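**Q** Let me give you the structure first, and then I'll get to my questions.
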Amino acid sequence: MTDDQWAVIETLLPAVPNRRLGGRPRVHPRWLLVDTILYVLFTGCACRLVPHNLAPWNTAYKVFAVWTADGTWARVHDELRDRVRDVDGRDPQPSAAVLDSQSVRTHQRGEQIGYDAGKRVAWPQTASTRRHRWVAAACPGAFGLGAGPARCPPGAGRYPGAAPSAGLVWVDGGYVNTVDTSLVGWAAVTEGLEIVAVPRNADVKGFQVLPRRRVVERTFSWLTRCRRLARDYERKTAHAEAMIQVAMIRLMAARLAGEIVEPSGPIETEAARRIAEDLNN
């Protein structure tokens, strides 16, 4: 992290716990521990392979696990999301969101694995994990991983900070297919959410930009820049979710620090224009 990015999140992070009360004083500063976690996230290397000029891998991993268990990453993520929306002149609590999913290979055969029949994702030596992403007005919201959409929509009690004010959710057509329409009724009764599908045009072949859904597709692109997220390397689902939250914390901290790179070139400029037009509408 740069100094400006660290200044954004420094006050939101708790003190690194010692082994026991009155134990050995802290040796490594928090910013170095966070940089070590980010190094693993962006390079995709194993924890044991971090350079020697960073914090010891086992110390950084323990801090990552502790902050995952006590909800620190989730709290920092939600706070930065509210700040980003406030800076953009939006209500911190969004009224609508976009939900989509992504299938990735699972390396360690973690807690939640299976077969994605829609994309036919399966391998002889490993299974696949399906990530469900919730994005509220181009600002990252809560993220969950699970085997089915009805098991991990935001606001279902598993992640309390998942935009409780949202009443409308745009989804991929696969969430409301003719085989299983239980998500629509479950969301309306349990969460008070209206599910609206944004289907593809069957007459158009290849890639096509769909209204609303391109916002969550852009978030997929942001996250997959982190090589650790190219595959699911975590044994625990909570750790996999935390890695996604850390990636978005880094992105939102850069945005709040004024370090977002402006689009360049005709393709990037046109994509930015379309997204801005979609958000304004």
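**Q** Which residues, taken from segment 65-90, are of a type in the set (Lys, Arg) and not in a helix (DSSP H, G or I)? Full working, then the answer.
**A** Filtering segment 65-90 down to residues of a type in the set (Lys, Arg) leaves 75, 81, 83, 85, 90.
Across segment 65-90, the qualifying residue is only ARG90.
**Q** Could I ask something else about it? Go through LEU32, LEU54 for me and flag whichever is at pLDDT 90 or above and in contact with an Asp or Glu (Cβ under 7 Å, 6 or more places away or on another chain).
**A** On the way: LEU32 fails: in contact with an Asp or Glu (Cβ under 7 Å, 6 or more places away or on another chain).
One residue alone meets the criteria, LEU54.
**Q** Any residue in segment 239-248 that is open to solvent by 30 Å² or more (accessible area, probe 1.4 Å) and either among the small types (Gly, Ala, Ser) or under 14 Å from the mean Cα position of the chain (by Cα) (or both)?
**A** Initially, segment 239-248 is screened for residues open to solvent by 30 Å² or more (accessible area, probe 1.4 Å), giving none.
No, that holds for no residue.
**Q** Considering only segment 25-62, how many residues are open to solvent by 40 Å² or more (accessible area, probe 1.4 Å) and in a helix (DSSP H, G or I)?
**A** 12
The values are calculated or read from the model by the stated rules, or taken from the named source; none is laboratory data. Quantities reported herein were computed from a predicted structural model and do not represent experimental measurements. So basically every Cβ, Gly included, is an ideal-geometry build from the backbone, and we count neighbours across all protein chains shown. Accessible surface areas use protein heavy atoms only, side chains included; no ligands, DNA or RNA. Shrake-Rupley method; radii C 1.70, N 1.55, O 1.52, S 1.80 Å.
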